[in-house]
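As structure tokens, the structure follows; a few thoughts come after it.
The values are calculated or read from the model by the stated rules, or taken from the named source; none is laboratory data. Just so it is clear, the structure is predicted and the values come from calculations on it, not from any experiment. With ideal geometry, Cβ positions are generated from the backbone for all residues, glycine too; neighbour counts draw on all protein chains shown. Surface accessibility is based on the protein's heavy atoms, side chains included, excluding ligands, DNA and RNA. Shrake-Rupley method; radii C 1.70, N 1.55, O 1.52, S 1.80 Å.
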Amino acid sequence: MSTAKTLTALWVVPVPDFGGVARHVLDVAQTGIPGYRLVVCAPEGKLTERLRELNIPVHAVPFGPSRGFRTSFASLTHVIEQEKPAIVHSHLAYADVIAAASVNSLKMRRLANRSLTVPTLITTEHGIAGDDAVYHGTSWRSKLMEQVHRVRLWGTNAAIAVSRSTAEQMRRKWGARRVSIIYNGVDAPRLRAAVHKHRVPTEPDAPRILSLSRLSPEKGIDVLIEAFAQLRTVYPKAHLEIAGEGDLADTLAQQVRELHISDAVTFSGFVDPLEAMGRSDMVIQLSIWENCSYTLLDAKAAGLKTVATNVGGNPEILAPNELVNRRQNAFCDSVLEALTRNCEASAPSAWTWVTNAEMTAQIAELYTQTQKHQGLA
């Protein structure tokens, strides 16, 4: 009988609601990290509610940008002292900075009190772009955050990137070392079956195109609408569903009206992505940058046709004929060509990707190897 001790991995997340990182946390929670007990520290919200339904221990404490540095630091430090985790694993920039400050302050305190437990510090980078303006807006802010990340990585034991592109950006911008690539997982058979439950049969020559993203400038939805209007001259029964919410909602709706395609475009707001994919044939994503897009992973797993910009981690997910170059002068023409090509193409062939079990096994292996390197395992 094995007597191996189950170690605690404390995941630190600064967001209360659903999004890409919350999806990642929930996938890991449902699958489990082999050899580790998962505990999550996050602000109270939809994420913590769902984690409790999964019987995952949660510390819903005052934490996150709205709480400020001092309160967040005190909250996380208290949780670490209470749980005494072997691993502290942070996600997203705010949590990365607070976790680095908290763990490294414990290292300083341990010089005077050898009984203190100092956990191994791990970080996962989910969102770093080649274009600094995507996430930071101004050059001074991007330079400041670059220095902050460089400093906090000096006190971090290991870093995970969710794509090769993400790892390259971490090394180039932050001088990151010890970066391991662990892709977001997706259980393709399960997801395909879930989408199939919502499958709405299509009509001949009536392609159904879906955009699943925030309605914001970096997502290129205005270009999609322009290209779709031209596609309608070839496929008069084509339909475009624009799912999501954001600041550009009114502007995009006005563009649709001006192009006289209101009868063929639906703005569906916040939707169940499985249901939306069930009534679609093709998913299109024209973002300025993506790291390891769950939208594309899900679309491929569901067996849908896909079109996306050739940026970030997208080429690691999609084939060359599914990609368009956003930097071309004739970007809209390229999108139209890709839409037309996909409408004429047969159903995609089988697609394989990293499963959630494989993803969590890789995370566990990194934990163990990092602790061994520190002489803790």
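Brief remarks on what is shown
- Among residues of the range 76-125, those that are in contact (Cβ under 8 Å) with a residue 60 or more places away in the chain and open to solvent by 30 Å² or more (accessible area, probe 1.4 Å), counted: 4
- Residues of the range 276-301 satisfying the condition of being farther than 18 Å from Leu26 by Cβ, open to solvent by 10 Å² or more (accessible area, probe 1.4 Å) and either at pLDDT 95 or above or not β-branched (Val, Ile, Thr) (or both): Arg279, Asp281, Gln285, Trp289, Glu290, Lys300
- In the range 242-257 there is no residue matching the filter, namely being at pLDDT 95 or above and within 17 Å of Gly303 (Cα to Cα).
- Within the range 306-377, helices (runs of 4 or more DSSP H) holding 1 or more residues that are without any contact (Cβ under 8 Å) to a residue 24 or more places away in the chain, open to solvent by 50 Å² or more (accessible area, probe 1.4 Å) and within 19 Å of Ala9 (Cβ to Cβ): 356-373
- Some residue of the range 52-60 being part of a loop (DSSP other than H, G, I, E, B), closer than 28 Å to Glu358 by Cα and polar (S, T, N, Q): yes
- Any hit, the range 267-275, residues being farther than 20 Å from Val307 by Cα, open to solvent by 80 Å² or more (accessible area, probe 1.4 Å), in contact with a strand residue (DSSP E or B) (Cβ under 8 Å, 6 or more places away or on another chain) and not aromatic (Phe, Trp, Tyr): no
- Residue check, Val40 within 23 Å of Thr370 (Cβ to Cβ) and either part of a helix (DSSP H, G or I) or small (Gly, Ala, Ser) (or both): no
- Look at (1) in contact with a helix residue (DSSP H, G or I) (Cβ under 8 Å, 6 or more places away or on another chain); (2) surrounded by 19 or more Cβ atoms within 10 Å (Cβ to Cβ); (3) not basic (Lys, Arg) and you find that Ala229 fails only one, number (1).
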